[in-house]
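Notes follow the structure.
The values are calculated or read from the model by the stated rules, or taken from the named source; none is laboratory data. These numbers were taken from a predicted model, which means no experiment stands behind them. Cβ: placed from backbone, ideal geometry, glycine included. Neighbour counts: every protein chain shown. Ligands, DNA and RNA are excluded from the accessible area calculation, which covers all protein heavy atoms including side chains. Shrake-Rupley method; radii C 1.70, N 1.55, O 1.52, S 1.80 Å.
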Amino acid sequence: MNDDAQQTDRRDFLQHSILGAAGAGLAIASATNVTVGAETEQPQESAFPTDGDITNKVDVLVIGGGTAGAIAAIQAGRAGAKTLLLERNSQLGGTATTGGVAFPGLFDAWGKQVIAGIGWELVRDSVELDGGTLPDFSKVPQRHWHNQVHVNQFLYALLAEEKCEAAGVQIAYYEFPQAVTQTAQGWQVDCVGFGTQRRVLCKQIIDCTGGAEVVGLLKLPRLREQERQPGSMLFQLGKANNPGRAQLHALYVHGADSTNSRTVTAANLTGRQAILKKVRNGKSRLMHMQPETGFRESDRIVGETMITVNDYTSGRLFDDAVCHAFYPVDLHTKSGVRPKPLKAGTVPTIPLRALIPKNSRNIIVAGRSVCSDRLANSGLRVQASCMGMGQAAGAAAALAAKNGTTPLKVPLTEIHSLLREHGAIIPGEA
Ligand SMILES: Cc1cc2nc3c(=O)[nH]c(=O)nc-3n(C[C@H](O)[C@H](O)[C@H](O)COP(=O)(O)OP(=O)(O)OC[C@H]3O[C@@H](n4cnc5c(N)ncnc54)[C@H](O)[C@@H]3O)c2cc1C
């Protein structure tokens, strides 16, 4: 049991009604729906705590240890915040590891690096430990994907874990939140894993679940497409998997939906059946298969501001920009994908306000669920941008916890200065 585990009577904590879930009036492209989560009854009083249950009191709780979340947690931990990282799967990295999309990009644009910091450190260290090769960012590639970095997904997961531990981040695998309640000090988050329950009392939440699941639990509005981009199941037929050197094969899983365990189960069954069919038809040996479908598109938050495709393609420098993003507009459909490269010299930015759910306090989001319209999201959902957002969210949350305020109230200069100290590139300064 953690040193700080303590039994706490839930009556000690003020329970406030959850923040205004208004916002449904927002004008969004016609195929985008705004949802405020399924109507559920108030969580039932459970017999908590019982043997094996614990309570943690932390500054920052990061939920989702994927591409953005692992970086957010390392940043918060390195900034001195007591940090707990909750991940429902068995390893860190999310889509980069469990999904098998082990080719993060893009860290560079137009001949120079535009995203660095903790995400880049993790990618670079993975490649170096694996004896691999890093792209030369001083050269503008013919095709955008030439500068994606091939990482060994297994080493990446191991190093992410090591860096979390070195930063003092406590990791809790196989757990996810069930109920989130606002308190006078921040939040009470009741989580379950198999055979255990955990109550987390924290000042700040960082939602890095990919689908803004904590925002959904709070019944704050989210954006949802009627038809989402296909997911993909990654595998290898005929020859051995060569991690860090070659990409896996991928097949589209149409209708893939990361919303809940039932929809993820359905996507996995569909993807695996298709792979089985390929094995039978091709008479090739199945040499590798990822355990879970990779999801390109999930729910996105309704934030304090929205990144539109015009902001994205014009490279708008937001006045509260915290990191860059760089990738073509890249919308996958039933008939495939035709990436639309950005115009020469364009480097989009991500504002802090797009990471903050509208009308909320003490919660910040990072990763592909950033507030953006569908086309902007198709470009800025890639891994380097998610890592940049994760680091920015980790810095903002750690400072907010330290200053006893909410991320939006932390002076931007303080966030920039902390990010700079941890190797990040600040838009407008590069
Ligand atoms: C097939 C495919 C190809 C792609 N190609 C590229 C590419 O070439 N280059 C590139 O850079 N990007 C690519 N992307 C995009 C990129 O990989 C993802 O958009 C990005 O990794 C998303 O990062 P994230 O942190 O938002 O989510 P994720 O990395 O998916 O992390 C979310 C994490 O949260 C966890 N989680 C979810 N819900 C809960 C919960 N309730 N409680 C606890 N934990 C939870 C999940 O288990 C996961 O670990 C691709 C994506 C796909 C699917």
Shape metrics for the stretch 125-242, restricted to C-alpha atoms - Rg then Dmax, Å: 19.8, 58
Under a Cβ-only charge scheme (Lys and Arg +1, Asp and Glu -1), can you give me the dipole magnitude of the stretch 354-430 about the Cα centre, in debye to the nearest 20? 280
What net charge is computed for the residues neighbouring residue 204, neighbours being all others with C-beta under 14 Å from the C-beta of residue 204, Lys and Arg scored +1, Asp and Glu -1? +4
Given charges at beta-carbon only (K, R positive; D, E negative), |dipole| of the stretch 224-263 in Debye: 180
Among the listed pairs 57/409; 358/409; 139/343; 219/402; 57/219; 57/203, which have their C-alpha atoms separated by more than 19 angstrom in this model? 57/409; 219/402; 57/219
1.4 Å probe accessible area per residue over the stretch 234-333, in Å²: 48
Net +/- balance of residues flanking residue 70 in space, Cβ distance below 12 Å, scoring K and R +1, D and E -1: -4
In a Gaussian network model of the chain with springs linking alpha carbons closer than 10 Å, the residue among 103, 326, 137 that fluctuates most is 137
By what distance, in whole Å, do the Cα atoms of the stretch 274-430 stretch along each of the three principal axes, largest value first? 61, 34, 31
May I ask you to give the percent of accessible area on the chain that is carbon plus sulfur, with a probe radius of 1.4 Å? 50
Can you work out the base-10 log of I(q)/I(0) for the chain at q = 0.09 1/Å, using the Debye formula on its C-alpha atoms alone? -0.52
Quick one: dipole size for the stretch 225-310, taken about the Cα centre, charges +1 on Lys/Arg Cβ and -1 on Asp/Glu Cβ, in debye to the nearest 20. 820
How large is Rg over Rh for the stretch 279-349, taking Rg from the Cα atoms and Rh as the Kirkwood inverse mean of 1/r across Cα pairs? 1.14
Once you keep just the Cα pairs under 8 angstrom separated by 6 or more residues, what percentage relative contact order results for the chain? 22
Most mobile of 163, 219, 239 per a Gaussian network model of the chain (Cα springs, under 10 Å)? 239
Helix-only [θ]222 nm of the chain, DSSP H runs n ≥ 4, -39500 (n - 2.57) each, per residue, nearest 500: -8000 deg cm²/dmol
From a point 7 Å beyond the Cα of residue 226 in the direction of its Cβ, which residues of the stretch 309-335 have a backbone N at a distance under 19 Å? 332-335
Estimated vicinal HN-Hα couplings, Hz - the stretch 347-355 in sequence order (Karplus 6.51, -1.76, 1.60; Gly, Pro = x): 9, x, 10, 10, x, 4, 4, 6, 9
Residue among 281, 84, 102 farthest towards the positive dipole end of the chain, charges placed on Cβ: 281
State the answer as a single residue: which of 344, 371, 303 lies farthest towards the positive end of the charge dipole of the chain, with beta carbon charges of +1 for Lys and Arg and -1 for Asp and Glu, about the Cα centre. 344
Run the paramagnetic zone check for residue 140: 7 angstrom along Cα to Cβ, then residues of the stretch 394-430 with backbone nitrogen under 20 Å. 428-430
